[in-house]
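Worksheet for the structure shown next.
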Amino acid sequence: MEYVEVFDFDGTIYNGDATLDFYFFCLMRHPRLMKYVPRQTLSGIKYYLKKEDIVYFKSQFLCFLKEINLKEETEIFWISYYRKIKHWYNIREKNRDIIISASPRFLLEPICKDLKVKGLIASEVNEKTGELIGPNCKGEEKVRRFKERFGYMPIKTFYSDSLSDTPMARLAQQSYLVRKEEIRPWR
């Protein structure tokens, strides 16, 4: 029977948060994007105070996408930031790997192609406006999207840096928590 190995992205196989890195990368290349900082900050405060949900926050945060050539920026970004893919992941065979992440699909597609990853499930974002299309791909939503795409395909191993991924960890035969380059069994 076929099986897959599933990985969270940010903090798990990527050292950091790729969305934040991409944002700061774009700010450095296009200082005019600073005009969105007040809007992004206000939406962050509303989210933190539980006045708005994560979909609202991420949609406001990614509003700068309308001002950039997204394809070009993501390509240049990954030339510089490929180095943040963790060594333990970079050296492994990836023909059964699926990455499942709350990061935007547009940002992870190029790196998944370069890494020769079998599949990608990520947050869907309108590339012209930055608005999230549907729920953020986190927690139970990861399970729902995995089952929608792959049915009940067995998950041999699951790797994440976050306990918010416990629902995915429960689906796997073996699950691991990743802290920097250290990998230990999920408890």
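The values are calculated or read from the model by the stated rules, or taken from the named source; none is laboratory data. Just so we're clear, the structure is a prediction, and the values are computed from it rather than from any experiment. As a convention, Cβ positions derive from the backbone with ideal geometry for all residues, glycine included, and neighbour counts pool all protein chains shown.
Apart from one condition, residue 93 fits all of (1) in contact (Cβ under 8 Å) with a residue 12 or more places away in the chain; (2) outside any helix (DSSP H, G or I); the exception is (1). State whether one or more residues within region 32-49 are outside any helix (DSSP H, G or I), more than 26 Å from residue 113 (Cα to Cα), modelled with pLDDT of 95 or more and not hydroxyl-bearing (Ser, Thr, Tyr). Checked against the condition, which is being outside any helix (DSSP H, G or I), more than 26 Å from residue 113 (Cα to Cα), modelled with pLDDT of 95 or more and not hydroxyl-bearing (Ser, Thr, Tyr), region 32-49 yields at least one hit. A search for C-beta distances below 8 Å between a residue of region 142-153 that is touching a residue at least 24 places away in the same chain (Cβ under 8 Å) and any residue that is in a loop (DSSP other than H, G, I, E, B), counting only pairs 6+ apart in sequence or on different chains, returns 145/137; 153/2; 153/3. Answer yes or no as to whether residue 75 is outside any loop (DSSP other than H, G, I, E, B), in contact with a Pro (Cβ under 7 Å, 6 or more places away or on another chain) and surrounded by fewer than 18 Cβ atoms within 10 Å (Cβ to Cβ). When the stated conditions are applied, residue 75 passes them. Among residues of region 87-109 being aliphatic (A, V, I, L, M) and modelled with pLDDT of 95 or more, the one that is farthest from the chain's Cα centre (by Cα) is 98.
Touching a residue at least 24 places away in the same chain (Cβ under 8 Å), acidic (Asp, Glu) and more than 15 Å from residue 11 (Cα to Cα) - does that describe any residue in region 112-129? Yes; the residues of region 112-129 include at least one that is touching a residue at least 24 places away in the same chain (Cβ under 8 Å), acidic (Asp, Glu) and more than 15 Å from residue 11 (Cα to Cα).
Residues that are under 16 Å from the mean Cα position of the chain (by Cα) and under 16 Å from residue 96 (Cα atoms) occur at least once in region 120-138. One residue stands out in region 28-54 among those that are among the hydrophobic types (A, V, I, L, M, F, W, C) and touching a residue at least 24 places away in the same chain (Cβ under 8 Å): the one that is farthest from residue 122 (Cα to Cα), namely 33.
Once region 63-84 is narrowed to residues that are without any contact (Cβ under 8 Å) to a residue 40 or more places away in the chain and farther than 15 Å from residue 106 by Cα, the residue that is farthest from the chain's Cα centre (by Cα) is 67.
Looking at (1) in contact with a strand residue (DSSP E or B) (Cβ under 7 Å, 6 or more places away or on another chain); (2) closer than 22 Å to residue 29 by Cα, which one does residue 111 not meet, given that it meets all the others? With (1) in contact with a strand residue (DSSP E or B) (Cβ under 7 Å, 6 or more places away or on another chain); (2) closer than 22 Å to residue 29 by Cα applied to residue 111, the lone miss is (1).
Taking region 103-187 and the strands (runs of 3 or more DSSP E) fully enclosed by it, no element has 3 or more residues that are touching a Pro at 6+ places or on another chain (Cβ under 6 Å) and surrounded by 17 or more Cβ atoms within 10 Å (Cβ to Cβ). Among the listed residues 14, 48, which satisfies the condition of being surrounded by fewer than 19 Cβ atoms within 10 Å (Cβ to Cβ) and of a type outside the set (Gly, Ala, Ser)? Matching residue, one of 14, 48: 48. List the number of the failed condition for residue 64; all other conditions in (1) more than 25 Å from residue 112 (Cα to Cα); (2) in a helix (DSSP H, G or I) hold. All conditions are met except number (1).
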